[in-house]
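The values are calculated or read from the model by the stated rules, or taken from the named source; none is laboratory data. Bear in mind the structure is a predicted one, so any value in this text is a computation, not a measurement. Glycine also receives a Cβ, built like all others from the backbone with ideal geometry; neighbour counts cover every protein chain displayed. For accessibility, only protein heavy atoms count, side chains too; no ligands or nucleic acids. Shrake-Rupley method; radii C 1.70, N 1.55, O 1.52, S 1.80 Å.
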Amino acid sequence: MQSNTEKIDIKALTLEELKASLKTIGEKEFRAKQIYEWLHVKLARSFDEMTNLSKELRTKLASEYELVCVTELERYESKIDGTVKFLFRLPDGNVVECVLMKYHHGNSVCISSQVGCRMGCRFCASTLGGLTRNLRTSEMLDEVYQLQRLSGERVSNIVIMGTGEPMDNYDNFVKFVRMISSLDGLNISQRNITVSTCGLVPKMRALAEEGLSITLALSLHAPNDEERVKIMPVANSYKLQDVLNACDYYYEKTGRRISYEYSLVDGVNDTAACAKELSRLLKGKNCHVNLIPVNPIKERDYKRSTGNNIQNFKNILEKNRINVTIRREMGSDINAACGQLRKSYTDKTMVQEVEQ
Ligand code: SAH
């Protein structure tokens with residue numbers, strides 16, 4: 001049997017690339033539009049579904065191209081708010097998690113950008129096993145496609161805040177954004193796409209130059225380098241001031257307001273002094289702060305801030321005229337903390353493998 005790795009990943013080809021590729025196998029250009037529509041609008045999962053193509057062409061496509069799809073392994077549905085968390089299997093057997101959140105204004109999905117992560121944030125479950133590999137553009141696309149297919153409703157918002165650091169998988173991530181927002185594909189508005197980064201400065205600056213209008217969210221989590229480095233090893237590589245300058249640059253270039261994420265950990269970064277320092281840091285910026293009560297993971301002893309401390313923290317920012325919201329918790333009964341589902345799944349299968 002021919003190995004899949006020798007075939008071209010058809011879902012990762014833009015329409016122009018697909019046209020060029022079909023030409024090399026002796027097919028007419030106009031076929032590209034039909035095939036692209038099957039893949040990216042009708043969300044076909046096999047060449048056989050492409051019924052306006054001849055049987056011969058479908059067979060030929062299957063022999064030349066790999067059609068990357070993710071498949072549902074597990075699903076957890078919140079009884080509180082209808083949020084659904086999925087564990088998807090990738091073609092090579094790795095797993096990633098995604099979340100579907102239903103709001104009044106539409107369906108929002110949270111997708112992963114890598115299998116695992118190498119950034120090492122102390123409170124995050126995704127990073128505990130390190131990085132396995134980057135996701136391909138086609139895999140990121142199919143996370144969204146699969147969620148749309150499974151929900152039966154149109155996806156209107158995407159946040160790239162699942163497992164992984166998108167800026168550490170920059171090219172695949174940028175291509176994903178271009179393709180998912182393309183008029184020939186699902187045509188999801190770039191304004192409804194948010195990417196979250198722990199602050200890889202050169203990539204943030206590069207992103208500012210891409211001509212995209214997506215929202216950039218920065219994982220800040222501390223108001224100074226001394227505290228930040230204790231919970232985010234990436235702060236050893238990039239100074240906070242450089243990270244904030246890169247955010248300013250992104251705003252300057254795109255006109256998109258930066259969203260600063262701040263996970264509140266009891267007794268670590270949730271004091272009034274931290275809130276005041278954060279206010280000084282962000283004062284006057286056109287930005288938004290998202291406070292996230294930390295989701296404790298069993299591997300670390302970080303605790304969630306008390307309701308009082310969260311409210312005080314918010315009040316201090318508001319007094320300084322900083323836009324701030326406390327992240328509404330979705331799916332708290334289905335263990336929606338980043339990376340926890342995948343971690344519990346891989347732990348479980350490892351135990352099974354050892355027992356066998
Ligand atoms: N690597 C990217 C995106 C993934 S995480 C980044 O660092 O931004 C998305 C957000 O969830 C980040 O702000 C991250 O710091 C935060 N996060 C991760 N684990 C968390 C936890 N257990 N509790 C609260 N927030 C968490």
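Numbers for the structure displayed
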| item | result |
| --- | --- |
| Qualifying residues in the stretch 79-115 (those that are closer than 18 Å to Gly152 by Cβ and of a type in the set (Ser, Thr, Tyr)) - the one modelled with the lowest pLDDT | Tyr103 |
| Lone unmet requirement of (1) in contact with a strand residue (DSSP E or B) (Cβ under 8 Å, 6 or more places away or on another chain); (2) over 14 Å from Ser151 (Cα atoms); (3) touching a residue at least 40 places away in the same chain (Cβ under 8 Å) for Asn94 | (3) |
| Residue tally, condition modelled with pLDDT of 75 or more and either touching a Ser or Thr at 6+ places or on another chain (Cβ under 8 Å) or crowded, with 20+ Cβ neighbours inside 10 Å (or both), over the stretch 315-342 | 7 |
| Residue selected from the stretch 298-310 under the condition part of a loop (DSSP other than H, G, I, E, B) and more than 9 Å from the ligand (Cβ to nearest atom), by the criterion farthest from Thr127 (Cα to Cα) | Thr306 |
| Tabulated pairs, the stretch 159-179, first in the same structural domain as Ser126 (by TED's automatic domain parsing) and of a type in the set (Asp, Glu), second within 12 Å of the ligand (Cβ to nearest atom) and in a helix (DSSP H, G or I), C-beta under 8 angstrom, 6+ apart or interchain | Asp168/Lys203 |
| For Phe86: the one exception among (1) part of a strand (DSSP E or B); (2) hydrophobic (A, V, I, L, M, F, W, C); (3) open to solvent by less than 20 Å² (accessible area, probe 1.4 Å); (4) within 27 Å of Pro233 (Cβ to Cβ) | (4) |
| Within the stretch 26-51, considering residues that are modelled with pLDDT under 95 and not in a helix (DSSP H, G or I), the one surrounded by the fewest Cβ atoms within 10 Å (Cβ to Cβ) | Lys28 |
| Condition broken by Asn172, with the remaining ones in (1) over 26 Å from Ile297 (Cα atoms); (2) open to solvent by 60 Å² or more (accessible area, probe 1.4 Å) satisfied | (2) |
| Residue match in the stretch 51-65 (condition: under 18 Å from Val155 (Cβ atoms) and free of Cβ contacts under 8 Å to residues at least 24 places away in the same chain) | no |
| Subset of the stretch 212-239 that is free of Cβ contacts under 8 Å to residues at least 40 places away in the same chain and touching a Lys or Arg at 6+ places or on another chain (Cβ under 7 Å) - its residue that is nearest to Ser182 (Cα to Cα) | Ala235 |
| Selected residue (only one of Lys253, Lys276 is under 24 Å from the mean Cα position of the chain (by Cα) and modelled with pLDDT of 95 or more) | Lys253 |
| Those residues of the stretch 106-163 which are part of a loop (DSSP other than H, G, I, E, B) and open to solvent by less than 10 Å² (accessible area, probe 1.4 Å), in sequence order | Ile111, Ser112, Ser113, Leu135, Thr163 |
| Of all residues in the stretch 186-198 being farther than 20 Å from Tyr145 by Cβ and in contact with a Lys or Arg (Cβ under 9 Å, 6 or more places away or on another chain), the one that is farthest from the ligand (Cβ to nearest atom) | Arg191 |
| Subset of the stretch 200-211 [assigned to a helix (DSSP H, G or I) and either open to solvent by less than 50 Å² (accessible area, probe 1.4 Å) or in contact (Cβ under 8 Å) with a residue 12 or more places away in the chain (or both)] | Val201, Lys203, Met204, Arg205, Ala206, Leu207, Ala208 |
| Yes/no for Leu90 being closer than 16 Å to Ser138 by Cα, in the same structural domain as Ile160 (by TED's automatic domain parsing) and not small (Gly, Ala, Ser) | yes |
